[in-house]
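Input: a single structure, listed below in structure tokens.
The values are calculated or read from the model by the stated rules, or taken from the named source; none is laboratory data. Since this is a predicted model, take the numbers as computed values, not measurements. Here the Cβ positions follow ideal geometry from the backbone for every residue, glycine too, while neighbour counts run over all protein chains shown.
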Amino acid sequence: MRVTDIKIQIGKFAFSYVHNVEASTDWENLTNTCVIKLPANLSLNVNKLRDLIRPGDKVEINAGYDANLNLIFKGYVAAISPTTPIELRCEDEMYLLKQSTINDHLYNCKLSTLLKRHFNDIAINFIDAEIGDFRIENMNRAKVLDKLKEWGIHSFFRQGVLVVGKPYDATFARKIVYHITGTKCNVIDDNLEYRRASDIKLRVTAISLYPDGSRKEVKIGDEGGENRTLNYYNLSVNELSKAAQRDYERMVYDGYRGSFTTFIEPFVRQGDIVVLKSVENSDRTGEFWVDKVTYRLGTDGFRQEIKIGPKA
């Protein structure tokens, strides 16, 4: 029997117990979040809570088994609900980027120019791209990053580094094996579906946006299939067709889709690669990027729900 272990630091307070924690990390969402519910019998006076723990206080949560802990969440208190149990809503480092507004207008701008101008105080891992004229009017820095989604560029924090446009990074990813059937099964339950590429009907509309505001479209795939829209920036029609085909092939494949739930060992992070194996169907082994992980830590045990993305 493994013994659960948790260490929570909130401002100057440290806890080795908790009523419930739910933390979510997802590259498609700008902000990774965490909700902490502290025990009802906590010695802190609820009426004085706002004087003891305040928005902006640092938060760090480490959890695991038998003192072998992994970092679950790191960020800041965003809001406090003095209920029973006490509830703290927290955000990762994106919280700091929401605290002030900026104004700017950049012409014929590269993404690297924008990031160096307004994000040079933090570590960044990014792709570069032409984003043309870029106007910022009374926007906080998080809103600026959110605006980049118009170019198909997603931003999020990963282990304290601001990642811009690179959801999948082989230099970061670890490979973790999960057996979904058989005596070695280390999956509690799953919502996985195995599909053959030949059974998938998909219609992709690829759009390239240009600095002057114009756009071009390329459509590939099956007429009448599920519609997906992909955004790119400043690609020629030929380059757009190639990019659309590459992404189409990443979505149309023999393999699993969906999510599965496990204990939090082996520990999985968003951006890792899971290797799924099945005894009954040995030909169905596959490697998949992890798009999202939700950690649930409470009195009934520790779990992680892992949502997989395309084949790695």
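Overview of results
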{"item": "Any hit, the stretch 129-138, residues being surrounded by fewer than 16 Cβ atoms within 10 Å (Cβ to Cβ), touching a residue at least 40 places away in the same chain (Cβ under 8 Å) and in the same structural domain as Lys37 (by TED's automatic domain parsing)", "result": "no"}
{"item": "Hits in the stretch 160-183 - residues which are touching a strand residue (DSSP E or B) at 6+ places or on another chain (Cβ under 8 Å) and either among the aliphatic types (A, V, I, L, M) or without any contact (Cβ under 8 Å) to a residue 40 or more places away in the chain (or both)", "result": "Val161, Leu162, Val163, Val164, Ala173, Ile176, Val177, Ile180"}
{"item": "In the stretch 193-220, residue surrounded by the most Cβ atoms within 10 Å (Cβ to Cβ) [restricted to those that are more than 25 Å from the chain's Cα centre (by Cα) and closer than 11 Å to Tyr248 by Cβ]", "result": "Val218"}
{"item": "Output for the stretch 49-98, where each listed residue is more than 14 Å from Ile8 (Cβ to Cβ), in contact with a Gly (Cβ under 9 Å, 6 or more places away or on another chain) and either at pLDDT below 95 or of a type in the set (Lys, Arg) (or both)", "result": "Leu52, Arg54"}
{"item": "Filter result (within 20 Å of the chain's Cα centre (by Cα), among the aromatic types (Phe, Trp, Tyr) and at pLDDT 95 or above) within the stretch 159-192", "result": "Phe172"}
{"item": "Filter pass, Ile188 being in the same structural domain as Leu276 (by TED's automatic domain parsing), of a type outside the set (Asp, Glu) and within 25 Å of Ile273 (Cβ to Cβ)", "result": "yes"}
{"item": "Residue that is modelled with the highest pLDDT [pool: residues in the stretch 221-242 that are crowded, with 16+ Cβ neighbours inside 10 Å and under 24 Å from the mean Cα position of the chain (by Cα)]", "result": "Leu230"}
{"item": "Counted residues, the stretch 257-306 - those being surrounded by fewer than 18 Cβ atoms within 10 Å (Cβ to Cβ), more than 27 Å from Pro85 (Cβ to Cβ) and free of Cβ contacts under 8 Å to residues at least 60 places away in the same chain", "result": "3"}
{"item": "Single residue of the stretch 92-128 satisfying the filter (aromatic (Phe, Trp, Tyr) and not in a strand (DSSP E or B)) that is surrounded by the fewest Cβ atoms within 10 Å (Cβ to Cβ)", "result": "Phe119"}
{"item": "Strands (runs of 3 or more DSSP E) enclosed by the stretch 172-287 - at least 2 residues per element that are under 18 Å from Ala129 (Cβ atoms)", "result": "202-209, 215-221, 226-233"}
{"item": "Residue ID - surrounded by the fewest Cβ atoms within 10 Å (Cβ to Cβ), chosen from residues in the stretch 8-23 that are closer than 14 Å to Glu60 by Cα and touching a residue at least 60 places away in the same chain (Cβ under 8 Å)", "result": "Gly11"}
{"item": "Contacts under 7 angstrom Cβ, first residue in the stretch 81-101 being basic (Lys, Arg), partner assigned to a helix (DSSP H, G or I), 6 or more apart", "result": "Lys98/Ala142"}
{"item": "Subset of the stretch 133-156 that is in contact with a Lys or Arg (Cβ under 9 Å, 6 or more places away or on another chain) and part of a strand (DSSP E or B) - its residue that is modelled with the lowest pLDDT", "result": "Phe134"}
{"item": "Some residue of the stretch 49-56 being of a type outside the set (D, E, K, R) and touching a Pro at 6+ places or on another chain (Cβ under 7 Å)", "result": "yes"}
